[in-house]
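Novice: Got a structure for you, questions after.
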Amino acid sequence: EPEVTQTPSHQVTQMGQEVILRCVPISNHLYFYWYRQILGQKVEFLVSFYNNEISEKSEIFDDQFSVERPDGSNFTLKIRSTKLEDSAMYFCASRRDADTQYFGPGTRLTVL
Amino acid sequence: AQKVTQAQTEISVVEKEDVTLDCVYETRDTTYYLFWYKQPPSGELVFLIRRNSFDEQNEISGRYSWNFQKSTSSFNFTITASQVVDSAVYFCALSESDYKLSFGAGTTVTVRA
């Protein structure tokens with residue numbers, strides 16, 4: 001069964017460093033998402049992406065964040081200059097059309 | 001304003017007991033989708049069910065059942081004869097016309113042997 005994959009599973013970085021989180025959505029899906037879950041809290045929407053552009057972004061998704069689909073399979077989230085409060089689990093999700101979003105296993109980002 | 005409210009923060013039961021998780025949602029859209037996801041201790045989000053706003057039929061899948069009532073804006077989830085493997089955080093979520101998911105705060109279910 002096809003699934004969303006994410007790498008790395010855990011990323012540790014120093015404050016101020018750039019990180020790139022990678023996702024491979026399900027191959028025939030067209031809509032892509034990033035969500036964030038700070039430890040012990042609920043899952044929050046960051047950004048949606050369709051047809052090579054951002055469809056919607058939340059107030060969390062400020063200028064430090066960017067997304068890209070550099071090729072036909074990868075979908076990346078870049079945080080340009082990480083802050084301590086960026087420490088969280090980041091989930092990628094994808095969907096085909098008016099359908100269920102399927103989530104990847106997440107990347108745990110730890111900013112020191 | 002919270003679009004999805006899960007009033008129960010934690011529920012602890014003994015194995016084989018039934019447990020019901022409450023979810024109340026708020027939307028002005030006439031077309032929307034409701035979801036339940038399970039987050040086990042390993043951290044991934046596992047899709048359990050999706051209902052659209054036009055389908056109020058209750059659903060049963062094994063030991064899981066869902067009760068959708070538009071009149072009370074609720075989409076409750078029951079685990080029958082709970083097992084230790086059911087221990088997890090359960091999230092209710094709402095998808096409106098923009099399809100992004102709004103999650104509730106989650107309910108932590110602990111099933112004791």
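Novice: From A:Gly106, A:Gly40, A:Gly72, grab the single residue that is facing another protein chain (nearest Cβ under 10 Å) and either among the basic types (Lys, Arg) or open to solvent by 50 Å² or more (accessible area, probe 1.4 Å) (or both).
Specialist: Answer to the check: A:Gly40.
Novice: Might you let me know whether the stretch A:18-28 holds any residue that is farther than 30 Å from B:Thr108 by Cα, of a type in the set (S, T, N, Q), open to solvent by 50 Å² or more (accessible area, probe 1.4 Å) and more than 10 Å from the chain's Cα centre (by Cα)?
Specialist: yes
Novice: Same structure, new question: Quick one: count up the residues across the stretch B:77-113 that are at pLDDT 95 or above, hydroxyl-bearing (Ser, Thr, Tyr) and part of a loop (DSSP other than H, G, I, E, B).
Specialist: 3
Novice: Can you name the residue in the stretch A:84-103 that is farther than 15 Å from A:Leu21 by Cα and away from chain B (no Cβ under 14 Å) and, of all such residues, is most open to solvent (accessible area, probe 1.4 Å)?
Specialist: Within the stretch A:84-103, the match that is most open to solvent (accessible area, probe 1.4 Å) is A:Glu85.
Novice: How many residues does the stretch A:1-17 hold that are open to solvent by less than 60 Å² (accessible area, probe 1.4 Å) and under 18 Å from B:Phe35 (Cβ atoms)?
Specialist: Result for the stretch A:1-17: 1.
Novice: Oh, and also: Testing B:Ile49 on (1) away from chain A (no Cβ under 11 Å); (2) over 25 Å from A:Ile38 (Cβ atoms), one condition comes back false. Which one is that?
Specialist: (1) is the only condition that B:Ile49 fails.
The values are calculated or read from the model by the stated rules, or taken from the named source; none is laboratory data. Here the structure is a predicted model, which is why all the values come from computation and not from measurement. For neighbour counting, all protein chains shown are included, and Cβ atoms are generated from backbone atoms with ideal geometry for every residue, glycine included. SASA here: full protein model, heavy atoms, side chains in, ligands and nucleic acids out. Shrake-Rupley method; radii C 1.70, N 1.55, O 1.52, S 1.80 Å.
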